[in-house]
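Here is the structure we will look at.
The values are calculated or read from the model by the stated rules, or taken from the named source; none is laboratory data. Every value quoted in this text rests on a predicted model; they were computed, and no experiment measured them. Counting neighbours? That spans all protein chains shown, and the Cβs are built from the backbone with ideal geometry, glycine included.
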Amino acid sequence: MYQSFRRMVFCFLALVLLMSSGLSGIFEAYGADTAYATESVQQTIIIDNDNEGAPNIAGGFPTTTKGYFSSGMLGGGSKSTLAYAKGAQNANTNTAYATYTPSLSEQSFTMGTYRVSVWIVQRTAASARLMTEVYRNGESTKSAYDNAAPAGGWVELGIFDFQAAGEEYVKLSRDPGGPTGYFNSDSVKFEKLPSRIHTLRDLQVGSTSIFQPTVTSYTYLVSNAVHEITITPTATDPSAEIRVNGVVVNNGSSSESIPLIIGDNEIPIDVQAVNSSYTQRYTVVVKRSAGNNTNVTLSDLQLNGVPLQEFDPSVTSYTYTVQNASSSITILPISADTAASVKVNGTVISSEQPISVDLTVGNNEIDIVVIAQDPAYSQHYRLNIYRQKADATLKKLQINGHELTRGYNVTPGQNQSPGFEPDVITYSYEVPNGENELIITAETSDLNAVLFVNGAQISSGTDSMSILLVHGVQTIQVEVQAEDRSYKKQYDITVGNGNHTRGKPVRTTQEYYLTPGKYAVDGDGASVWRNVLADGTPYVWLEVDLLRRTSFNRAVAAFYNYTDMQSFKIQYSDDGLQWQDAYISQAKPSSIENVSFPEVTARYVRFYADKAKDFVFTGLYSFEIYGATPPTNVPGENYERLSGITLSNGLISFDPYSTDYTIVTDRDITLTPVKGAEGQTLKIDGQSQSNLLVSKESLFGGVRTVPIEVTSQDGSRKLVYRLHIELVPSVPGSGYTLAFEDEFNGSALNNDQWYYRIGSNAYTDNKKENVSVSDGFLRIALKKEPAGSGGRAYSGGGIITKPLLGYGYYETRFKQWNKEGFHSSFWIAGLNQRVTVLDGDQLYSPTTDYQVNEIDGFEIDTSHPDGVMTAGHYWWPGDAHLTYVPYTTYSEVDSSDGFHTYGMEWTPTKIKFYVDGKMFREEFYPGPHGAGTQGRGQHLWLTSLVYKLPVADDQLPAEVTYDYFKFYTKDYGLDAPLDAVIVDNGDPSYSETGTWSSTTDAFGYDDNDTRFTRTVGDQVNWSKALETEGNYEVRIWNPSFHNSTTQAMYTVQHAGGSTSVMIDQKMGGQQWISLGTYHFTQDEEATVTMTAMDTAYLRADAVMFVPKANDPTNPEPGAGPAKKDKDKDKDKDKDKDKDKNKN
């Protein structure tokens, strides 16, 4: 048996029993202190925010600025005579503060007791409360002084003890709980008084320190062999007096030897401060042992009430294993000598008294100490309790070396990327082409766990045996059993082989441009399709064209943010219009759904889900369809789409499911459609031909639309593509006329045409003086403002057109600066009451608060002059913000290498962006269209400012330069022909059924009032008895908005019966949309009915009936905006005032 024996000069066992008794008044007393009533000040230290002495105090004390520090943009304040010296500083934020550190002052600051005062500067009733903080010795005291405090004098904060550790300070700031306004920082005074520090910082018995801060009573055990002992006390303040047993002892020195009797020996230690009013007594009770027994062995050791079978008193180390369920263990050590004491993990227990010890997973080392009657003798037993792990998780799971696909739920802190997660147990895997077997690679989080794949055990980190791959869907089970076998976890992998949707064309309700619908069918589990957050539509769907009629009976979907989906369906269709349900789930989906249903045959399949709430991201990582036959990418006999369209001057970006294309050219071009399937027949511009030459001359005067009709091999389906061909807008003859221009000639800005932009943005003040005109250029100066100027760090500027502009072509010629910092823009937006401008030298602030539409022709950071950013936004009152045309960057031009021409064309349906005559971006525009018909209500802005740091300060001042600005416009056919018959939503012949409401967000034809509903089945009717029998084109005014429905069902009642047309109200907004031309009889009601097909916003405004010549050709319903009759008197149309401003 191993025994440890220590013999010391003062043979003792350091068993310190700490008996806490709090110090009362040891460190300090705040406020007035009677102990200092007659004491004189020994030293004065004043820290001021300047160093010009103290002219307001007779015979003023010397001052110092050392130790003073300000932060948070404290500015120079009033040089009031009520300031302590030259003047104070002030600030009006909660983040500004000033600190005064006495240890950094020019005067000696030593340990002791100080009266601290702050100089209060004169304040007004509007001033903030001053917050003071005195920090010392690891603690702080805060006080707030309101406006009733004295002004122009010292205010005492209290008396404080400082140990002079270099960390002490006084901090002045604004009270965050008080009124807003300015606070002042000036001077702080420290007056040294006789010290009242009367504490110890160390206490030794013999050579062992037993000191604990805030503890004044100690018990110390020593062996029977120890007959005398010394005490060594050390005071915090070396000037304090120390007595041990009534005898003065030098600070840090040992007392005389103190004889010990058997039992308790109480030794008092008294500390008296320099200010004798403050004393503190410490006591040490030294217990000398009466016995001499040295037996330190155990006779038995029990765990959970059962004797340890292998226990031997001479063996001092044991190992014991318990299951994970055992979170604690009861230990009963029995000493051989009943006079000995036992400690378990430091806790003293009596012999035969059990103790419970908590266990962590893994090894737990328990220390059992037997202390003999003579405490100089002790023995340690080590008990290692191993608690087994319950970890039944994997840390890696792959098939054939590939990552898996899992659903994603919006949970704070959850990994948002797809792939393996230990706590996610459901996965899917779509077998790539060419794989014919499955091999699982799994690795357990705990190396001691056991792993099974489809019931066969494998080693962690190794490959499984090859698993037979079947056509269709199969499930692979991976089971993990924890080390103690009491915990299990099963991972399920749904494997799909022969997916019919992979790589097929898709359409969606809406998609974010970085996460398009095609990502749900690309076979990559890491890519995702999701909608746009701003989409207020209460549902989402993804439609896949299988290219031919296909039989299927199973679907697998991996969801993105599945908890925000209410329910889902799998639907099928032969024409992509009429849908039937193959599978319906009324419950919320889980992360991955693997559903089967009776076999159906169709060309189109659709995933459809109702969202649980508006304005959430939802979507799919994958959408797979399986059937009995293998998939194919060869289109069937009923396929009616092209695979591409080539031009003589290059390709166009083609999507078989987009039927309208705009081609901008400045030369003759030849169009050649490329068939999408064998056996298709084509007609171009009504003729059976393989290509068509379009001459430049045929485009003068407007846009030429060329239809391409495609008929499937079996003749069952037809589709018409429309190519809208036009000249580059700046080319004469494109139909545009110049409506506004400024060449910036002369020596000053034309105040009849432009406002100056002022106010502050980000790091910039916009200033009129930074805008100048000279040498035929508009120049905007970019400057670094002097420190202390009271404004932002930088200044720029900008100009804004006074006239309201609208739909049309905008063009400028511009040269950018090429250093870091500034952000230049060419953009259109409205003005509202949050914008401040200068009209000449007069301040002008708009009083309107209507919505603001913003389209960015370019935004270019000077640090990246080769990045031309474009976008479209919308701002509601209150600055709520949505982006409808996302930011993209065009990088094929360096805006700083010289002047470049930039253009943007805004029409009721699209936005196009140009650089140097080349169109580089075209987007449908589903957002609001501004106030007024023709989009009027917008201003053009040319600006430059600092949005982000850093800035190349050493290169300032600099400038950006604009050569000119021009605006062209034309008639977009938004005004009604004179002979048209219009029924508006306020007319008597307009009626509603259901729940409808008014809104001014989506602008109407002739006023701001439009109507909406979100209830399925609600209807509106527009009816009119037409005076003349004949053919009429029926048009509806579409009050587009971002959250409008994509399924507005219009039904026209005419002489031949009824015709229904589905319109996407997100597109083609704020204009007339044609439903087709129909025959109506005299004096019979011509009726248009609109029906809500879903719970998205269905919007209603006006219907127009336009007389047409008796032409047997009946345009296809829903073909898009009808062209304005060219034989009408355009001058008369212009006289008809439809240019009303809409808020």
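Out of (1) crowded, with 18+ Cβ neighbours inside 10 Å; (2) out of contact with any Pro (no Cβ under 9 Å at 6 or more places or on another chain); (3) under 29 Å from residue 537 (Cβ atoms), what's the single condition that is false for residue 1072?
Condition not satisfied by residue 1072: (2).
Only residues that are closer than 15 Å to residue 1065 by Cα and either hydrophobic (A, V, I, L, M, F, W, C) or modelled with pLDDT under 90 (or both): list them for segment 1015-1044, please.
Once the filter is applied, which keeps residues that are closer than 15 Å to residue 1065 by Cα and either hydrophobic (A, V, I, L, M, F, W, C) or modelled with pLDDT under 90 (or both), segment 1015-1044 yields 1036, 1037, 1038, 1039, 1040, 1041, 1042, 1043, 1044.
Please go through segment 611-633 and pick out each residue that is in a loop (DSSP other than H, G, I, E, B) and not small (Gly, Ala, Ser).
Result: 613, 614, 615, 616, 617, 618, 629, 630, 631, 632, 633.
Can you spot a residue in segment 771-788 that is outside any loop (DSSP other than H, G, I, E, B), of a type in the set (S, T, N, Q) and within 22 Å of residue 903 (Cβ to Cβ)?
no
So for segment 679-690 (the condition being acidic (Asp, Glu), surrounded by 15 or more Cβ atoms within 10 Å (Cβ to Cβ) and over 30 Å from residue 433 (Cα atoms)), does at least one residue qualify?
Yes, segment 679-690 has at least one match.
Among (1) within 30 Å of residue 471 (Cβ to Cβ); (2) touching a helix residue (DSSP H, G or I) at 6+ places or on another chain (Cβ under 8 Å), which single condition is residue 667 missing?
Exception for residue 667: condition (1).
Can you pull out every residue in segment 621-634 that is of a type outside the set (Gly, Ala, Ser) and buried (at least 24 other Cβ atoms within 10 Å of the Cβ)?
Of everything in segment 621-634, those that are of a type outside the set (Gly, Ala, Ser) and buried (at least 24 other Cβ atoms within 10 Å of the Cβ) turn out to be 621, 623, 624, 625.
With the structure loaded, tell me whether residue 660 is at pLDDT 85 or above and among the acidic types (Asp, Glu) or whether it fails that test.
no
Got a sec? Which strands (runs of 3 or more DSSP E) wholly within segment 325-388 have at least 3 residues that are in contact (Cβ under 8 Å) with a residue 24 or more places away in the chain and in the same structural domain as residue 305 (by TED's automatic domain parsing)?
The strands (runs of 3 or more DSSP E) meeting that bar are 328-335, 341-344, 355-358, 362-371, 377-387.
Considering only segment 330-345, state which residues are within 24 Å of residue 358 (Cβ to Cβ) and either charged (D, E, K, R) or more than 60 Å from the chain's Cα centre (by Cα) (or both).
If the condition is that a residue be within 24 Å of residue 358 (Cβ to Cβ) and either charged (D, E, K, R) or more than 60 Å from the chain's Cα centre (by Cα) (or both), then 334, 335, 341, 343 are the ones that fit.
Please go through segment 286-312 and give me each residue that is assigned to a loop (DSSP other than H, G, I, E, B) and touching a Leu at 6+ places or on another chain (Cβ under 6 Å), ordered by number.
Within segment 286-312, 308, 311 qualify.
Residue 558 versus (1) surrounded by fewer than 23 Cβ atoms within 10 Å (Cβ to Cβ); (2) in contact with a Gly (Cβ under 7 Å, 6 or more places away or on another chain): which is the lone unmet condition?
With (1) surrounded by fewer than 23 Cβ atoms within 10 Å (Cβ to Cβ); (2) in contact with a Gly (Cβ under 7 Å, 6 or more places away or on another chain) applied to residue 558, the lone miss is (1).
Taking residue 672 as the residue in question, decide whether it is farther than 29 Å from residue 508 by Cβ, within 44 Å of the chain's Cα centre (by Cα) and not charged (D, E, K, R).
The answer is no for residue 672.
Exactly one condition in (1) among the aliphatic types (A, V, I, L, M); (2) part of a strand (DSSP E or B); (3) in contact with a helix residue (DSSP H, G or I) (Cβ under 9 Å, 6 or more places away or on another chain); (4) within 30 Å of residue 281 (Cα to Cα) is false for residue 164; which is it?
Result: residue 164 fails condition (2) only.
Of the residues 219, 132, 180, only one is without any contact (Cβ under 8 Å) to a residue 60 or more places away in the chain, farther than 21 Å from residue 236 by Cα and either among the polar types (S, T, N, Q) or assigned by TED's automatic domain parsing to the domain that holds residue 241 (or both); which?
Checking each option against the conditions leaves just 132.
Considering each residue of segment 971-987, count those that are more than 42 Å from the chain's Cα centre (by Cα), buried (at least 16 other Cβ atoms within 10 Å of the Cβ) and over 12 Å from residue 1101 (Cα atoms), and give that number.
Total satisfying the criteria: 6.
Go through segment 988-1042 and give me each residue that's closer than 18 Å to residue 1086 by Cβ, aliphatic (A, V, I, L, M) and surrounded by fewer than 16 Cβ atoms within 10 Å (Cβ to Cβ).
1025
Of everything in segment 235-250, what is surrounded by 19 or more Cβ atoms within 10 Å (Cβ to Cβ) and in contact with a strand residue (DSSP E or B) (Cβ under 7 Å, 6 or more places away or on another chain)? Give them in sequence order.
Answer for segment 235-250, where residues must be surrounded by 19 or more Cβ atoms within 10 Å (Cβ to Cβ) and in contact with a strand residue (DSSP E or B) (Cβ under 7 Å, 6 or more places away or on another chain): 235, 236, 240, 242, 244, 249.
Kindly indicate which of 507, 554, 502, 530 is basic (Lys, Arg) and over 35 Å from the mean Cα position of the chain (by Cα).
The unique qualifying residue is 554.
Yes/no matrix, rows are residues, columns are (1) of a type in the set (Val, Ile, Thr); (2) outside any strand (DSSP E or B); (3) in contact (Cβ under 8 Å) with a residue 60 or more places away in the chain:
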site: 202; (1), (2), (3): no, no, no
site: 234; (1), (2), (3): yes, no, no
site: 237; (1), (2), (3): no, yes, yes
site: 274; (1), (2), (3): yes, yes, yes
site: 282; (1), (2), (3): no, no, yes
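Could you tell me which residue of segment 67-111 is modelled with the lowest pLDDT, considering only residues that are surrounded by fewer than 20 Cβ atoms within 10 Å (Cβ to Cβ) and in contact with a Pro (Cβ under 9 Å, 6 or more places away or on another chain)?
81
Conditions tested, residue by residue: (1) among the aliphatic types (A, V, I, L, M); (2) under 21 Å from residue 273 (Cβ atoms); (3) surrounded by 15 or more Cβ atoms within 10 Å (Cβ to Cβ); (4) touching an Asp or Glu at 6+ places or on another chain (Cβ under 8 Å).
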site: 113; (1), (2), (3), (4): no, yes, yes, yes
site: 131; (1), (2), (3), (4): yes, no, yes, yes
site: 142; (1), (2), (3), (4): no, no, no, yes
site: 155; (1), (2), (3), (4): yes, no, yes, no
site: 167; (1), (2), (3), (4): no, no, no, no
site: 175; (1), (2), (3), (4): no, no, yes, no
site: 182; (1), (2), (3), (4): no, no, yes, no
site: 197; (1), (2), (3), (4): yes, yes, yes, yes
site: 203; (1), (2), (3), (4): yes, yes, yes, no
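Among the listed residues 255, 350, 289, identify the single one that is crowded, with 18+ Cβ neighbours inside 10 Å and at pLDDT below 90.
The conditions single out 289.
From the list 762, 793, 787, which one is surrounded by 16 or more Cβ atoms within 10 Å (Cβ to Cβ), closer than 30 Å to residue 948 by Cα and in the same structural domain as residue 962 (by TED's automatic domain parsing)?
Step by step, each of 762, 793, 787 is checked, and only 793 is surrounded by 16 or more Cβ atoms within 10 Å (Cβ to Cβ), closer than 30 Å to residue 948 by Cα and in the same structural domain as residue 962 (by TED's automatic domain parsing).
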